[in-house]
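Visitor: Below is one structure. I have some questions about it.
The values are calculated or read from the model by the stated rules, or taken from the named source; none is laboratory data. Predicted model, so just to flag it, every value in this text is computed and none were measured. Cβ placement follows ideal geometry from the backbone for every residue including glycine, while neighbour counts extend to all protein chains displayed.
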């Protein structure tokens, strides 16, 4: 673990910035990268706001907050990650985009550095095969929101060396996370179980069994879920939900994983959930209102 000091993170959105936050708080130097400097700066601004809330709530002191923020450097592009000891890709859940990122990154990354993907569903073995170091490649799947959720899935590809796998587990534990080990099958453990439930909730809406409000209320009060499945889908992002269901359907060739046509239509309409201001709920007002 002594060799893992500088962490690179690709993607300064909600997931990437969240990983940057927990790594910086744990004492790692972080380079937060995106395709534009403005996006990286925005990611760090989000971290600053979240840490400020922790200070206001008495869960963190000013000194720790200041030290954590000082450890995060927002950067543009991948060249600034060349000296990192571990680089975690947290880009959009699109395999071709991830392949392009790793191809470019490997031209500048130092030979001893470890590579990881925060993918929520895509084969670690297949992603690793697109790099120059499959034995140093591993899946480190954080849950959203990263600073709050305690679980991290660690996934080894067929070529992942045991040293890489153990280093990934120790890194996640050093962030205060609980590690669960998943095999390299489509969507791993959590999303293999969670996304079909969400997809079934969308089918329930599609078939007119219940309204958005009825379905979410039913699962919150009837199954004691903190969020209803349609509310959760909006939180995750409907495009991400669809991508994971497509990976399951393509990878397992089982009709039970067929994405609901209504989910497809919402994504086609650009109704992607909270981040777009509209999904199964409309978020334009003071209170979310069901759209169906």
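Visitor: Given the structure, is residue 127 assigned to a helix (DSSP H, G or I), surrounded by 15 or more Cβ atoms within 10 Å (Cβ to Cβ) and in contact (Cβ under 8 Å) with a residue 24 or more places away in the chain?
Guide: yes
Visitor: Answer yes if at least one residue in the stretch 148-158 is exposed (fewer than 15 other Cβ atoms within 10 Å of the Cβ), within 14 Å of the chain's Cα centre (by Cα) and touching a residue at least 12 places away in the same chain (Cβ under 8 Å), and no otherwise.
Guide: Yes, that holds for at least one residue.
Visitor: Got a sec? Which of 137, 203, 171 is without any contact (Cβ under 8 Å) to a residue 60 or more places away in the chain and surrounded by 20 or more Cβ atoms within 10 Å (Cβ to Cβ)?
Guide: Of 137, 203, 171, the one residue that is without any contact (Cβ under 8 Å) to a residue 60 or more places away in the chain and surrounded by 20 or more Cβ atoms within 10 Å (Cβ to Cβ) is 137.
Visitor: Give 135, 173, 153 a once-over and let me know the one that is under 25 Å from residue 4 (Cα atoms), assigned to a strand (DSSP E or B) and either touching a strand residue (DSSP E or B) at 6+ places or on another chain (Cβ under 7 Å) or at pLDDT 95 or above (or both).
Guide: Values: 135 fails: assigned to a strand (DSSP E or B); 173 fails: assigned to a strand (DSSP E or B).
Going through 135, 173, 153 in turn, just one is under 25 Å from residue 4 (Cα atoms), assigned to a strand (DSSP E or B) and either touching a strand residue (DSSP E or B) at 6+ places or on another chain (Cβ under 7 Å) or at pLDDT 95 or above (or both): 153.
Visitor: Would you be able to tell me the number of residues in the stretch 185-200 that are surrounded by 18 or more Cβ atoms within 10 Å (Cβ to Cβ) and touching a strand residue (DSSP E or B) at 6+ places or on another chain (Cβ under 8 Å)?
Guide: Total meeting the criteria: 1.
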